[in-house]
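All remarks here apply to the structure that follows.
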Amino acid sequence: MIPPAWSVSISPHLKSTESVEKIMWTVVACLIPSLILSVFVFGFRALIIAAISTASCVAVEAATQKLLKRPVTVRDGSAVITGLLLAFCIPPGVPLWMPIPGAIMAIYVAKHLLGGIGFNIFNPALIGRAFLVATFPVAMTSAWLAPIHDAAVFGSLGGIDAVSTATPLYVLKHYGMNAVIERFGAPSTLYWDFFVGWRPGCIGETSALLLTLGGLYLMLRRYISWHIPMATVLSVGFFSWVFGGEKLFTGDPVLAVLSGGVILGAFFMATDYVTSPNGNAAKLVFGAGVGALTVLIRLKGGYPEGVCYAILLMNPLSPALEGWFKPKRFAPPKGATT
Amino acid sequence: MSKSSPTFSKGGIHPRESKELTEHLPIEAMPPPEEVDILLLQHFGSPCRVLVDKKATVIEGETIGVVDAGLGASVHSSVSGTVKSIGASPHPVRVEAPSVTIRRDPQAEPRVFAPSEWEHLSPEELLGKIRNAGLVGLGGAGFPTHLKLSPPPGTRLDKLILNAAECEPYLNCDNRTMIEFPHEILTGARIILRILGIKECHIGVENNKQEAIWVLSRAAAENTAPDCKISVNPLMVKYPQGSEKQLIQTITGRRVPYPGLPFDVGVMVINVGTAKTIHDAVVLEKPLYERVVTISGRAIARPANLMVRIGTRLSDIVTFLGGTRDNLARIVVGGPMMGFSIPTTDLPVMKTTSGVLFLSDDEIDSRPHGPCIRCGKCVEVCSMGLSPNEVGIYVEAGRARDTAQFGVFECFECGACAFVCPAKRPLVQFTRLAKAKAGK
């Protein structure tokens with residue numbers, strides 16, 4: 001007689017080895033190289049801000065879940081991602097406490113008050129950033145640091161002794177392409193510097209190279225698909241080329257894609273599971289929309305950069321996009337509405 | 001090879017196959033146990049009326065239950081002996097079902113069945129033999145075979161498909177049957193073709209069963225009669241290839257629309273193991289009272305492919321195979337993707353029992369489930385193009401009755417969605433609940 005020491009459950013009895021934790025911590029790992037590079041570009045400030053941001057997001061999540069009497073799930077890594085992404089879209093020269101109100105807004109309001117993981121409508125990190133831009137507009141739009149070009153990083157611990165500067169997008173918006181070249185170098189060197197990450201910008205957004213590598217790894221693991229990043233990048237490039245120059249079809253699509261938060265947003269923010277649609281067609285439209293809105297805000301809006309608001313504007317359209325592009329059923333009844 | 005083989009058009013998964021535990025083990029006849037519990041309800045439909053009384057003497061293969069009305073198939077004693085009691089036994093789905101317990105007479109001689117000619121018999125006579133033998137589909141649901149082979153008048157069929165995909169991990173009962181009984185299977189196929197009055201038969205086999213493909217192809221080349229065309233179709237390994245609709249689409253390109261049946265598109269699908277029992281029923285006039293069962297999993301001392309008498313208790317099988325290991329975490333009747341987990345080993349083997357799996361704690365995943373993170377993996381792998389994520393969210397929100405819009409009734413519960421779900425959500429359970437409430 002076997003003692004009844006086994007469990008009974010519903011099929012299937014096999015499950016894949018994937019888990020929410022595994023996905024989230026993999027995303028964190030894919031963000032780490034960009035974080036490390038930011039230390040070399042902007043100094044240890046970048047790392048300190050990222051640490052404060054991440055710690056506050058985790059703390060706010062734990063406190064919120066305790067307060068709402070829900071299970072505490074900080075180990076799943078999703079608050080860590082929000083913390084890193086929030087830091088990644090903050091200028092490196094802001095006061096060190098700056099991420100804390102952003103974290104409260106991101107995790108408490110945008111994530112948990114809107115239903116918690118799986119139900120939030122907007123990308124929490126971007127809500128955190130949008131809140132900070134609205135509340136502390138000066139710091140959030142001017143605390144840029146010039147990239148450090150030598151090993152001076154080790155002498156600049158913590159203090160704002162680096163040079164304040166303007167972002168390429170700001171220069172482009174207000175002074176034009178010639179001023180960008182004057183300030184950041186001719187396209188031959190400028191593209192390379194921007195691609196690798198040596199340019200002013202938010203903490204984690206500067207290196208298209210490392211962010212793309214991280215994004216490609218997520219694709220390799222099939223955690224994200226190519227549709228949203230590809231559509232976003234192509235859309236930003238296309239609309240910048242058409243409308244970004246002094247005349248039609250004279251804009252610089254490469255500069256447009258390599259500046260601001262396009263690559264970060266395309267791979268790591270617009271692809272957020274909860275706030276982006278499922279289905280390949282819906283994803284392509286979503287990405288194209290993010291790109292188009294980004295360019296519209298950059299060219300016609302009050303801010304030089306538009307990725308954050310473009311994604312936030314597309315987020316609530318996700319359910320509608322899923323509704324418009326439902327998966328094709330294998331063999332539905334005749335006359336079924338699919 | 002595996003890349004070029006055809007498969008169904010959308011979705012599908014690749015779970016760990018674990019076929020290697022039993023794929024090279026020849027079918028081994030388990031000695032009949034001292035007692036068998038023959039369930040009078042082997043599958044959906046009506047229970048059988050008992051033909052024997054307590055203390056009656058029965059012989060191996062004797063009919064002990066018949067169905068008077070409605071769906072069903074007769075049941076036979078799987079041993080020679082005396083009726084000990086007429087009561088109830090555990091059933092994997094219905095918890096309990098009426099049964100006849102027979103105590104084996106150790107002195108009884110095993111029954112031998114001599115082959116006879118079948119080619120001169122009419123379709124009606126062939127069907128009669130199949131009905132008398134109590135055949136049901138061995139693949140899963142256990143639909144009575146004589147009814148399946150009698151489609152409504154006016155049905156136009158042109159293709160028979162023998163389902164030998166055996167896409168469930170672990171299981172090798174069909175695989176071993178193909179390797180060891182290829183001629184019986186081909187004769188069974190010819191009998192079905194004769195009954196249906198058609199000429200074309202495809203045997204769909206996933207190409208992880210190279211030996212079976214080779215053996216069957218060679219036998220088909222030797223065995224093909226001039227009036228029929230039997231071919232072996234290797235298929236890509238992808239779960240759920242053995243699903244009827246997916247198999248038909250892979251081999252014929254035709255899609256069976258919900259709520260239709262395969263004969264709506266001119267196809268009859270029969271499990272390959274059933275074809276072998278059709279041979280036995282017609283050529284040997286041997287009733288269905290034993291079958292091949294894969295006993296596998298990493299928590300059984302000795303995995304095996306056993307020829308088991310119907311009614312054998314699982315506890316007797318466990319004893320015969322040397323017991324279970326300490327890491328036993330779940331016992332599943334059927335395959336690991338669609339089978340039923342059971343609370344007791346007092347359960348008897350039924351006509352539809354393809355496997356019994358003794359799964360260890362590192363083979364199953366019993367982590368608690370979390371909220372849906374809308375990653376969309378379940379939508380990607382659904383071979384029916386459904387949205388299991390939405391169904392789950394609706395059910396959790398108390399809106400199960402509004403789920404017909406997601407096509408829940410087209411779901412055949414293959415479990416691919418729950419397999420891939422990183423939040424470990426019980427999507428099959430949600431879908432069953434949705435089906436129970438939707439549209440009511």
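Every read-out reported here was derived from the displayed coordinates using simple, explicitly stated rules and does not represent laboratory data. All values derive from a computational prediction rather than experimental measurement. Here the Cβ positions follow ideal geometry from the backbone for every residue, glycine too, while neighbour counts run over all protein chains shown.
With 32 Å as the limit, write out which pairs from B:159/B:377; B:148/B:437; B:209/B:286; A:66/A:328; B:19/B:286; A:326/B:229 have Cα-Cα distances beyond it, or answer none.
On the way: B:159/B:377 35 Å; B:148/B:437 29 Å; B:209/B:286 28 Å; A:66/A:328 42 Å; B:19/B:286 30 Å; A:326/B:229 41 Å.
The pairs that break the limit, which is 32 Å between Cα atoms, are B:159/B:377; A:66/A:328; A:326/B:229.
Between residue B:49 and B:66, B:67, B:68, the built amide H atoms are under 5 Å apart, and every one of these is 5 or more places off in sequence or on another chain. Counted by neighbouring Cβ atoms within 10 Å, the residues A:36, B:230 run from fewest to most as A:36, B:230.
Mean separation of Cα pairs under 8 Å and 6 or more residues apart, divided by the residue count, gives region B:377-437 a relative contact order of 41 percent. What is chain A by shape, rounded, prolate or oblate, if you read a ≥ b ≥ c off the alpha carbon gyration tensor as root eigenvalues and call it rounded for a/c under 1.5, prolate for a/b larger than b/c, and oblate otherwise? Oblate, since a/c reaches 1.5 and b/c is not below a/b.
Using a simple spin-label model with pseudo-atoms 7 Å out from Cα toward Cβ, residue A:242 and residue B:29 lie 7.8 nm apart.
Using C-alpha pairs below 8 Å separated by at least 6 residues, the relative contact order for region B:243-294 is 20 percent. Summary value for chain B: 19 percent relative contact order, contacts being C-alpha pairs under 8 angstrom separated by 6+ residues. Taken as entire DSSP H runs, the helices of chain B that both span 20 Å or more between Cα atoms along their own long axis and average -0.5 or more on the Kyte-Doolittle scale are B:182-196. Here the Karplus relation 6.51 cos²θ - 1.76 cosθ + 1.60, evaluated at θ = phi - 60°, turns the backbone of region B:54-66 into coupling constants of 4, 6, 5, 9, 10, 10, 3, x, 6, 6, 10, x, 10 Hz, with x for every Gly and Pro. The amide H of residue B:88, built 1.01 Å from its N in the peptide plane, has B:99 as neighbours under 5 Å, considering only residues 5 or more places off or on other chains. Between residue B:355 and B:294, B:334, the built amide H atoms are under 5 Å apart, and every one of these is 5 or more places off in sequence or on another chain.
When DSSP beta bridges are restricted to pairs lying wholly in the protein assembly as shown, around 60% turn out antiparallel.
Can you quote the Å³ per residue value for the convex hull of the Cα atoms in the protein assembly as shown, rounded to an integer?
Output value, Cα hull per residue: 188 Å³.
Cβ distances below 4.7 Å define possible disulfide partners, and in chain B the cysteines left without one are B:48, B:167, B:173, B:201, B:228, B:372, B:375, B:382, B:411, B:414, B:421.
So if R0 is 41 Å, what FRET efficiency would residue B:124 and residue B:16 give, r being the distance between their Cβ atoms, rounded to the nearest 0.05? The computed FRET efficiency comes out at 0.30.
With respect to chain A, whose longest principal axis is taken over its alpha-carbon atoms, helix A:78-88 is tilted by about 10°.
By the count of other C-beta atoms within 10 Å, a proxy for reagent exposure, B:228, B:411, B:167 are ordered fewest to most as B:228, B:411, B:167. Between the Cα long axis of helix A:44-67 and the first principal axis of chain A there is an angle of about 30°, rounded to the nearest 10.
So what is the 222 nm mean residue ellipticity for the protein assembly as shown from helices alone, if each DSSP H run of at least 4 adds -39500 (n - 2.57) and you divide by all residues, rounding to the nearest 500 deg cm²/dmol?
Working: 27 runs with 284 residues, N = 778.
Calculated from helices alone, the mean residue ellipticity at 222 nm is -11000 deg cm²/dmol.
Counting charges near residue B:129 (Lys, Arg +1; Asp, Glu -1) among other residues having Cβ under 13 Å from its Cβ returns a value of -2.
Rounded to the nearest 10 degrees, the angle from helix A:280-300 to the longest Cα principal axis of chain A is 30 degrees.
How far is the Cα center of region B:224-253 from the Cα center of region A:212-280, in Å? Result: 43 Å between the Cα centres. Computed 3J(HN,Hα) for region A:20-32, one whole-Hz value per residue from the Karplus formula 6.51 cos²θ - 1.76 cosθ + 1.60 where θ = phi - 60°, is 4, 4, 4, 4, 4, 5, 5, 4, 4, 4, 6, 8, 4, glycine and proline marked x.
The length gained on full extension between residue B:55 and residue B:344, counted as 0.36 nm times the residue separation minus their Cα-Cα distance, comes to 101.3 nm. Sorting A:238-249, A:260-271 by average packing, meaning the other beta carbons within 10 Å per residue, from highest down gives A:260-271, A:238-249.
For the pair region B:118-163 / region B:296-337, the C-alpha centres are spaced 31 Å from each other. The order of B:296, B:4, B:85, going from fewest to most other C-beta atoms within 10 Å of their C-beta, is B:4, B:85, B:296.
Counting, for every residue in B:421-427, the Cβ atoms of other protein chains within 10 Å of its Cβ and taking the mean gives 5.
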